[in-house]
Ligand SMILES: Nc1ncnc2c1ncn2[C@@H]1O[C@H](COP(=O)(O)OP(=O)(O)OP(=O)(O)O)[C@@H](O)[C@H]1O
Ligand SMILES: [Mg+2]
């Protein structure tokens, strides 16, 4: 049924990649001035549908209309001139260009082919100021944090006026207060009559921003609900096809006693311009959460512990012995694992197979201990991890880049699980992962802790930090502002330490 204010209609759209049917008879009816959320598990087909709308892919069959007219974009420029813009799930920015150049990449204000630098910077600066983004337009994107890059990606998508704006997991690297910036932008777009298609795996956020919610499962349309007529529980059940009672698995083994000797002790660790005087310790089997806002220095501390950058002062001790970790290889040899927040650049080789990616770090173990059996063992181990994490892939030989975002994230986790680390650094491990799969990942984190692995869990989702951690390190502007038991700390308290204004 067509409603009077329908802007975009999709009927019976299918898309196949070789033998994989990513979409089967998809339909959607998006209305002006409303936020329409697409909800579904990892690999359900959400991004594929968005890429079809944006002209990146062409549908195998089906029809689309925009403003009542047939709509069949051949490329993103086509889509943009028809009034549809997209903020992609995977960051598409060039690291060696500036923020301004990236934002206006496709439409630099040029005269006769020359890039007019000043006009470019001015135009981008106006947009960034208008959107109230905390980034400098002259900075190179490569120097920015992942969260800042995500905000730039949003600015890039919004740099053209559009009737339909697609936001594919725009908040996956943002913490709550940064997400507020985006929600303000969304409110303004709505007031201007723009239709917004929204994708997220954060249920509270979905309930906050959506007007309409369409649930998809295995490439098929399931149903559409108005937000006011549904609940988180119902949506999860529709999405995964079963009821889910709990979001965080309970601890089965008690947290280690405070008297247990720490496996990792960090004292007064500093890096000029990034963080200073950072001290904490973590015991075997303990899950130590890290919470903070953009620029709080959490990821920088993790990168330093993993030997990716050098500390300017302070000490790190493992099992009571002071160590100097000068490279990631060094860290791996000391049984430290690292699930980076930057899966696209540091965590995965997108052009390699799923199997190669999973067995990459553990390869030495396979080579030395197993000799000629190596290849077979590698395959068995990779299969185990694919099953354990329910990674949705056509085969072990599929190229990692062809997997959905959430499934790529699971591969990064799988590759470190194979190395059985003594200390595991997890930077946003459930970024872009659906609720069902999150639960599986939390169970694995709990299981690793029960086996004695010390876990450092960086997360921008406060409920996740509180739900999983034994203690929480709160950081603000490069300093530790509190280390606390979640029992004794409310979300409000942790947030106040994170913003640097403890109440
Ligand atoms: N270029 C491609 N080649 C082959 N298969 C693909 C390609 N793009 C997507 N697929 C497959 O299509 C299915 C749907 O993927 P899609 O990226 O649309 O999922 P999604 O719903 O966005 O998931 P997520 O929540 O993890 O981002 C997946 O099984 C994926 O592996
Ligand atoms: Mg996706």
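Evaluate the stretch 183-192: report whether one residue or more is closer than 25 Å to residue 461 by Cβ, under 20 Å from the mean Cα position of the chain (by Cα) and within 16 Å of ligand 2 (Cβ to nearest atom).
no
What is the one condition in (1) more than 16 Å from ligand 2 (Cβ to nearest atom); (2) more than 19 Å from residue 174 (Cβ to Cβ); (3) surrounded by fewer than 23 Cβ atoms within 10 Å (Cβ to Cβ) that residue 402 does not satisfy?
For residue 402, the failing item is (1).
Take residue 437 and tell me if it is assigned to a loop (DSSP other than H, G, I, E, B) and modelled with pLDDT under 90. Break it down stepwise before answering.
Working: assigned to a loop (DSSP other than H, G, I, E, B): no; modelled with pLDDT under 90: yes.
So residue 437 fails the test.
Have a look at 295, 277 and point out the one that is surrounded by fewer than 21 Cβ atoms within 10 Å (Cβ to Cβ) and either assigned to a loop (DSSP other than H, G, I, E, B) or outside the structural domain of residue 464 (by TED's automatic domain parsing) (or both). Talk me through it step by step, then tell me what you get.
Numbers: 277 fails: either assigned to a loop (DSSP other than H, G, I, E, B) or outside the structural domain of residue 464 (by TED's automatic domain parsing) (or both).
So the residue among 295, 277 that is surrounded by fewer than 21 Cβ atoms within 10 Å (Cβ to Cβ) and either assigned to a loop (DSSP other than H, G, I, E, B) or outside the structural domain of residue 464 (by TED's automatic domain parsing) (or both) is 295.
Taking the options 410, 344, name whichever one is under 30 Å from residue 44 (Cβ atoms), within 16 Å of ligand 2 (Cβ to nearest atom), in a helix (DSSP H, G or I) and at pLDDT below 85. So that I can check it myself, show each step before the final result.
Working: 410 fails: at pLDDT below 85.
Criteria check complete, one pass: 344.
Among the residues of the stretch 155-169, which ones are within 16 Å of ligand 2 (Cβ to nearest atom) and either free of Cβ contacts under 8 Å to residues at least 12 places away in the same chain or surrounded by fewer than 24 Cβ atoms within 10 Å (Cβ to Cβ) (or both)? Before the answer, list the steps.
To start, the set of residues in the stretch 155-169 that are within 16 Å of ligand 2 (Cβ to nearest atom) comprises 157, 166-169.
Hits for the stretch 155-169 are 157, 169.
For residue 289, all conditions in the list (1) touching a helix residue (DSSP H, G or I) at 6+ places or on another chain (Cβ under 6 Å); (2) modelled with pLDDT under 95 hold save one; what is the number of the exception?
Here residue 289 meets the rest and fails (2).
Please go through the stretch 76-87 and give me each residue that is out of contact with any strand residue (DSSP E or B) (no Cβ under 6 Å at 6 or more places or on another chain) and either more than 30 Å from residue 143 (Cβ to Cβ) or within 16 Å of ligand 2 (Cβ to nearest atom) (or both), ordered by number.
Within the stretch 76-87, 78, 79, 81, 83 qualify.
Conditions tested, residue by residue: (1) closer than 15 Å to residue 28 by Cβ; (2) without any contact (Cβ under 8 Å) to a residue 60 or more places away in the chain; (3) out of contact with any helix residue (DSSP H, G or I) (no Cβ under 8 Å at 6 or more places or on another chain); (4) in a helix (DSSP H, G or I).
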position: 50; (1), (2), (3), (4): yes, no, yes, yes
position: 58; (1), (2), (3), (4): no, yes, no, no
position: 62; (1), (2), (3), (4): yes, yes, yes, no
position: 74; (1), (2), (3), (4): no, yes, yes, no
position: 81; (1), (2), (3), (4): no, yes, yes, yes
position: 93; (1), (2), (3), (4): no, no, no, no
position: 96; (1), (2), (3), (4): no, yes, no, no
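Can you tell which of 181, 247, 197 is assigned to a helix (DSSP H, G or I) and in contact with a helix residue (DSSP H, G or I) (Cβ under 9 Å, 6 or more places away or on another chain)? Break it down into steps so the answer makes sense when it comes.
Numbers: 247 fails: assigned to a helix (DSSP H, G or I); 197 fails: assigned to a helix (DSSP H, G or I).
It is 181.
Can you pull out every residue in the stretch 465-482 that is in contact with a strand residue (DSSP E or B) (Cβ under 8 Å, 6 or more places away or on another chain) and either exposed (fewer than 15 other Cβ atoms within 10 Å of the Cβ) or in a helix (DSSP H, G or I) (or both)? I'd like the intermediate steps shown before the answer.
Step one: list which residues in the stretch 465-482 are in contact with a strand residue (DSSP E or B) (Cβ under 8 Å, 6 or more places away or on another chain), which gives 465-466, 468-475, 478-482.
The answer is 465, 466, 468.
Which residues, counting only those in the stretch 1-48, are within 14 Å of ligand 2 (Cβ to nearest atom), in a strand (DSSP E or B) and more than 21 Å from residue 72 (Cβ to Cβ)?
37, 39
Quick one: count up the residues across the stretch 298-308 that are over 15 Å from residue 457 (Cβ atoms) and either in a loop (DSSP other than H, G, I, E, B) or not assigned by TED's automatic domain parsing to the domain that holds residue 489 (or both).
Looking only at that region, the number is 2.
Within the stretch 417-464, which residues are at positive phi and touching a strand residue (DSSP E or B) at 6+ places or on another chain (Cβ under 9 Å)?
Filtering the stretch 417-464 for residues at positive phi gives 420, 428, 432, 452.
Across the stretch 417-464, the qualifying residues are 420, 428.
The values are calculated or read from the model by the stated rules, or taken from the named source; none is laboratory data. Keep in mind that this is a model prediction, so the values were computed, not measured. Reconstructed Cβ throughout: ideal geometry from the backbone, glycine too, with neighbour counts over all protein chains shown.
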